[in-house]
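Here is the structure we will look at, set down as structure tokens.
The values are calculated or read from the model by the stated rules, or taken from the named source; none is laboratory data. What you see is a predicted model, and the numbers here were worked out from it, not measured in a lab. Note that each Cβ is placed from the backbone with ideal geometry, even for glycine, and that neighbours are counted across all protein chains shown. Surface areas here come from the heavy atoms of the whole protein model, side chains and all, with no ligands, DNA or RNA. Shrake-Rupley method; radii C 1.70, N 1.55, O 1.52, S 1.80 Å.
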Amino acid sequence: MPQLHLRSEESSRPTDVSRAISRAPGKIILAGEHFVVLGAPAVAMAINLYSEVKVTPKNSPGVDVDADIPLRFLAGKNRNSGVSDPRQLLRPLQLAAEATLKQVVAKDRGLRVNVECEIPVAAGLGSSASTTVAIISAVARSRGIELSRKKIFKLAFIPENFLHGKPSGVDQAACIYGGLIRFNRPSNVRTVRLEKEPAIVVCDTGIHHATGTLVGGVVRKSRREKKDFRDYIAKVRDISNGVVNALREGDDVELGVLMYQNHDLLRKIGVSHPKLDHLVEVARRAGGLGAKLTGAGGGGCMIVLCRSTRDRDRMSRVLRREGGTPYKVSMDATGVESQSA
Ligand code: PMV
């Protein structure tokens, strides 16, 4: 994986900095992406793909960022990812570190932030939110401060705004809190207790997207097609609430039906992709209880609800034969964690 490096020019005054490490999960969205930006509730689950951050002191001022992240999407057919220079990906990470330093009133010597991320980038799995919340948590910890989840959530809007323009906050909330959440707006985030964990396969189309461009397109469309969008938002509210109830009751059949419905609505507003639609159809024919794109769409990942944890192996083989890259994920129940190192 490519090693990226970015250095900040900001000057500061030396004090003590200790080492810290942190880890934050990625996420999938089970219902409500895009519509959550327009006010509908969404349901998201943190998953066991992680970014890990190490913060160490350095003698020169400013913040240096090194990152080891899966950047294969920049090659060939993925040029529409919106990223012309891979180092652009580091700027939000640096912003996260700088904003945290300001927050913890640390006018001290610089620090080095090292990021290792196993979450595919620009694929709908919350890689940017995961890396930024891990950085915020580790940078504060390196100053001996354990930030509250609410504070991390607030700070994460700085890099997320830079990257996506108009983020709802659902990604960072899922990566911070872990488990399963119902997210309506930043002031209305609830954790949901599950009857049983859904057996999910995530499948990457290998075609990657720029979340900001896709979200901007949907927001503009919603202004032009006000009446249609009022209907869609009402439907998505019902879908998301239905998904929460199905998960609480362990009703996989109902959950699956709602996932297919949600995918159809996302297709209607133009954020799907022929490969996503194909994989959703393949999953349906292979007996998947539900399937949908997850995240911003335009490529990226789709998710399948399987009949059982064991059935995930068969489903993964089917999706791989169709050119997708499957991941058998499970829920991360912890969210972001940090400690002094
Ligand atoms: O593709 P991702 O992981 O960036 O997910 C974006 C989720 C959206 O609902 C499309 C945008 C948002 O901010 O909620």
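Could you list all residues from segment 265-278 that are within 16 Å of the ligand (Cβ to nearest atom) and either assigned to a helix (DSSP H, G or I) or hydroxyl-bearing (Ser, Thr, Tyr) (or both)?
Leu265, Leu266, Arg267, Lys268, Ser272, Lys275, Leu276 - these are the residues of segment 265-278 that are within 16 Å of the ligand (Cβ to nearest atom) and either assigned to a helix (DSSP H, G or I) or hydroxyl-bearing (Ser, Thr, Tyr) (or both).
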- Message: Among the residues that make up segment 299-311, is at least one of them without any contact (Cβ under 8 Å) to a residue 24 or more places away in the chain, part of a helix (DSSP H, G or I) and more than 16 Å from the ligand (Cβ to nearest atom)?
- Response: no
- Query: Considering only residues of segment 171-192 that are touching a strand residue (DSSP E or B) at 6+ places or on another chain (Cβ under 8 Å) and of a type in the set (D, E, K, R), which is nearest to Arg23 (Cα to Cα)?
  - Reply: Asp171
- Answer residue from segment 287-341, given it is among the charged types (D, E, K, R) and closer than 16 Å to Thr205 by Cβ and is most open to solvent (accessible area, probe 1.4 Å) among those: Arg321
- Query: Looking only at segment 241-257, which residues are open to solvent by 10 Å² or more (accessible area, probe 1.4 Å), of a type outside the set (Gly, Ala, Ser) and part of a helix (DSSP H, G or I)?
  - Reply: Asn241, Asn245, Arg248, Glu249, Asp252, Val253, Glu254, Val257
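Checking the structure you have, find out if any residue of segment 65-74 is within 13 Å of the ligand (Cβ to nearest atom), under 18 Å from the mean Cα position of the chain (by Cα) and either at pLDDT 55 or above or among the aromatic types (Phe, Trp, Tyr) (or both). It would help to see each step written out before you state the result.
Of the residues in segment 65-74, the ones within 13 Å of the ligand (Cβ to nearest atom) are 73.
Narrowing the set further to residues that are under 18 Å from the mean Cα position of the chain (by Cα) leaves 73.
When the remaining residues are screened for being either at pLDDT 55 or above or among the aromatic types (Phe, Trp, Tyr) (or both), the result is 73.
Scanning segment 65-74, I find at least one residue that is within 13 Å of the ligand (Cβ to nearest atom), under 18 Å from the mean Cα position of the chain (by Cα) and either at pLDDT 55 or above or among the aromatic types (Phe, Trp, Tyr) (or both), so the answer is yes.
Of the residues Tyr232, Tyr260, only one is more than 20 Å from the chain's Cα centre (by Cα), in a helix (DSSP H, G or I), within 14 Å of the ligand (Cβ to nearest atom) and not polar (S, T, N, Q); which?
Values: Tyr260 fails: within 14 Å of the ligand (Cβ to nearest atom).
Result of the check over Tyr232, Tyr260: Tyr232.
If I go through segment 148-188 residue by residue, how many of them are within 12 Å of the ligand (Cβ to nearest atom) and in a loop (DSSP other than H, G, I, E, B)? Outline the logic, then answer.
The initial filter retains those residues of segment 148-188 that are within 12 Å of the ligand (Cβ to nearest atom), namely 156-157, 160-161, 163-175, 183-186.
Filter once more, keeping what is in a loop (DSSP other than H, G, I, E, B): 165-169, 186.
Going through segment 148-188 one residue at a time, the tally reaches 6.
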- Item | Residue within segment 129-146 that is in contact with a Lys or Arg (Cβ under 8 Å, 6 or more places away or on another chain) and not in a helix (DSSP H, G or I) present | no
